[in-house]
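Colleague: Below you'll find the structure I mean.
The values are calculated or read from the model by the stated rules, or taken from the named source; none is laboratory data. All values reported here derive from a predicted model rather than from experimental measurement. Heads up, the Cβs are rebuilt from the backbone with ideal geometry, glycines too, and the neighbour counts pull from every protein chain shown. The area values use the complete protein model at the heavy-atom level, side chains included, leaving out ligands, DNA and RNA. Shrake-Rupley method; radii C 1.70, N 1.55, O 1.52, S 1.80 Å.
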Amino acid sequence: MQVTDPTSKASAPSDGSERQYNFSAGPAVLPEAVLLEAKDELPVYDHVGASVMEISHRSAAYDKIEESAREHMKKLLGLSDDWHVLFLQGGASMQFYQVPLNFLPEDGSADYVITGRWGTKAIKEARRVGGARVAASSEDDDFSHVPPVDEWDLDPDASYVHITTNETVNGNQFPEDPNLDVPVVTDASSELLSRPMDLDGYGLIYAGAQKNIGPAGVTIVLVHDDFLQQRKQPLPTMLDYGTHAAKRFNTPPVFPIYMVEKVLRWLDDLGGVDAMHTINQRKSQKLYKAIDGSDFFRGTVDEDSRSMMNVTFRLTDEELEPVFIKKAKENGLLSLGGHRTVGGMRASLYNALPEEAVDALVAFMKEFERTHG
């Protein structure tokens, strides 16, 4: 695959006839090189006489795609052979239920650290299965910070501790990966592959692909074999992680996995997660500097808990926010509105978003402040 550096220049016209700068929180921007390669291969894939969307999921051609995706994921994250890489369906929302269904015994409990909308949804589903308790929460201050680990009220007998390492809606992010006395399960949907991870404390990591990894339709689940062996039995066949760790049980989402494989190769060719992390840090620092350097804008998250992926901010005069979003779109800056439950602005700076998009946003912010401040 021809690699396009995400810092390279691309035009952003206002009429939508060409690609613009897409700050959507998901489904999100994909690397242009990946889209163009998929476009070329769409009618006929790799001399098999049919589209990748038409070939059998038991064929040798598809086997190569999925195995390549799995191997690239392991390489990028440094996963040992003790980790299973699963390609499932149902989004992260399915995992809110599937995790406790597999690992929360009827007479046991699990701890949940609530730092935003998705953690709140996760514990709600867990309580359908069994005992789930809040070990820490930042709801009292509108999720503007991540509670420090030493303040968590942990149950030493918990089956697992569930966290959300990056809250897409609320714009906060864990400053480091926790390593506890019990396995940690995380929803890493909006940050997986954006930074290196310390995997030592984790039993299971899950992520909807539609942020940094590929299109909507496939969910990545990474589960350590030691944790997998702790799941309870019996379980519904399709909701048992062991079913999918053992073999390809049913028809997978072939096209999304095909796209994931391409994105993973693009990231590997770019230099891997370390190289991408450096770019992502630079992008987020530019935007936070613009927010902090002005009385016209204000951030919504404490500095030590700010997300590198989802930058949330407000205008001091909130009545101007709809104007800001409208004018931004007219200038080729797409999807800057905050989540409907919190309002304001949100710029999602995922891996495939070019650095020049952040430069364009910062320039627009300065001009908007000049004309409306």
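Colleague: Can you put Arg117, Arg282 in order of accessible area, largest first, using a 1.4 Å probe?
Modeller: Per-residue accessible area, sorted high to low, gives Arg282, Arg117.
Colleague: Express in nm, to one decimal, how much length is gained between Glu32 and Lys286 on full extension, taking 0.36 nm for each residue of separation and deducting their alpha carbon distance.
Modeller: Stretched fully, the Glu32-Lys286 segment lengthens by 89.2 nm.
Colleague: I would also like to ask the following. So the label point goes 7 Å from the Cα of Asp46 along Cα→C-beta, right? Which residues of the stretch 54-97 then have their backbone N under 11 Å from it?
Modeller: Label zone hits: 59-69.
Colleague: Number of Lys-Lys pairs in the stretch 223-314 under 29 Å by Cα, sequence gap 8 or more or different chains?
Modeller: 4
Colleague: Between rounded, prolate and oblate, where does the stretch 284-373 land on the alpha carbon gyration tensor, with a ≥ b ≥ c its root eigenvalues, rounded for a/c under 1.5, else prolate if a/b exceeds b/c?
Modeller: Rounded, since a/c falls under 1.5.
Colleague: Moving to a separate point now. Largest first, what is the accessible-area ranking of Glu67, Glu18, Glu261 with a 1.4 Å probe?
Modeller: Glu18, Glu67, Glu261
Colleague: What percentage of the solvent-accessible surface of the chain, computed with a 1.4 Å probe over protein heavy atoms, is contributed by carbon and sulfur atoms?
Modeller: Roughly 47 percent, rounded to a whole number.
Colleague: Here is a follow-up. Per residue, how much accessible surface does the chain expose to a 1.4 Å probe? Answer in Å², no decimals.
Modeller: 43
Colleague: Students sometimes get this wrong: rank Thr120, Thr186, Thr316 by accessible area, probe 1.4 Å, all chains present, largest first.
Modeller: Thr316, Thr120, Thr186
Colleague: Still on this structure: With r as the distance between the Cβ atoms of Lys39 and Glu318 and R0 = 45 Å, compute the FRET efficiency 1/(1 + (r/R0)^6) and round to 0.05.
Modeller: Working from the Cβ atoms, E equals 0.65.
Colleague: How much accessible area does Lys75 have with a 1.4 Å probe, in Å² rounded to the nearest 10?
Modeller: 130
Colleague: Let me check I've understood the local charge: for Asp226, count other residues with C-beta under 13 angstrom from its C-beta, Lys and Arg +1, Asp and Glu -1. What total comes out?
Modeller: Result for the neighbourhood of Asp226: -3.
Colleague: While we're looking at this one, here's another question. If you bin every alpha carbon distance in the stretch 1-154 into 5 Å steps from zero, what whole percent lands in each bin?
Modeller: 2, 7, 10, 11, 13, 14, 14, 11, 9, 7, 3, 0
Colleague: Where does the charge balance sit around Leu154 when Lys and Arg score +1, Asp and Glu -1, over other residues with C-beta under 9 Å from its C-beta?
Modeller: Here the charged neighbours net out to -4.
Colleague: Taking springs between alpha-carbon atoms closer than 10 angstrom, which of Val52, Val273, Val44 fluctuates most in the Gaussian network model of the chain?
Modeller: Highest fluctuation among the options: Val44.
Colleague: With a Förster radius of 35 Å, plug the Cβ-Cβ distance of Glu18 and Glu71 into 1/(1 + (r/R0)^6) and report the FRET value to the nearest 0.05.
Modeller: Computed FRET efficiency for Glu18 and Glu71: 0.50.
Colleague: Moving on to the next point. Could you state how much accessible area Ile325 has, in square angstrom rounded to the nearest 10, with a 1.4 Å probe and all protein chains kept in place?
Modeller: Rounded to the nearest 10, the figure is 50 Å².
Colleague: Taking the Cα centre of each part, how many Å lie between the stretch 128-178 and the stretch 65-113?
Modeller: 18
Colleague: Another question, then. If you build a Gaussian network model of the chain, linking Cα atoms that sit under 10 Å apart, which residue out of Phe143, Phe296, Phe249 swings the most?
Modeller: Phe249
Colleague: Let me ask another. Choose one answer from Arg195, Arg19, Arg306: the residue with the largest mean-square fluctuation in a GNM of the chain with alpha-carbon springs under 10 Å.
Modeller: Checking each option, the largest mean-square fluctuation is seen for Arg19.
Colleague: Can you give me the relative contact order of the stretch 290-362 as a percent, contacts being Cα pairs under 8 Å and 6 or more apart?
Modeller: 28
Colleague: While we're on this one: How many nm is it between the label spots at Lys366 and Thr251, if each spot is 7 Å from the Cα in line with the beta carbon?
Modeller: Result for the modelled spin labels: 5.3 nm.
Colleague: For the chain, what does the alpha-carbon gyration tensor say about shape, rounded, prolate or oblate, given a ≥ b ≥ c as the root eigenvalues, a/c under 1.5 as rounded, and a/b over b/c as prolate?
Modeller: In terms of gyration-tensor shape, oblate.
Colleague: Which value, in debye to the nearest 20, gives the size of the charge dipole of the chain about its Cα centre, when Lys and Arg are +1 and Asp and Glu are -1 at the Cβ?
Modeller: For the chain, the charge dipole is close to 1160 debye.
Colleague: How high is the relative contact order of the chain, given as a whole-number percent (alpha carbon pairs under 8 Å, six or more residues apart)?
Modeller: Taking the mean separation of contacting Cα pairs over the length of the chain, I get 24 percent.
Colleague: Rounded to the nearest 10 Å², what accessible area does Glu176 show when all protein chains are kept and the probe is 1.4 Å?
Modeller: Spelled out: Glu176, probe radius 1.4 Å, area about 130 Å².
Colleague: Starting from the Cα gyration tensor of the stretch 160-289, take the square roots of the eigenvalues, sort them a ≥ b ≥ c, and report rounded, prolate or oblate (rounded when a/c is under 1.5, otherwise prolate if a/b is larger than b/c, else oblate).
Modeller: In terms of gyration-tensor shape, oblate.
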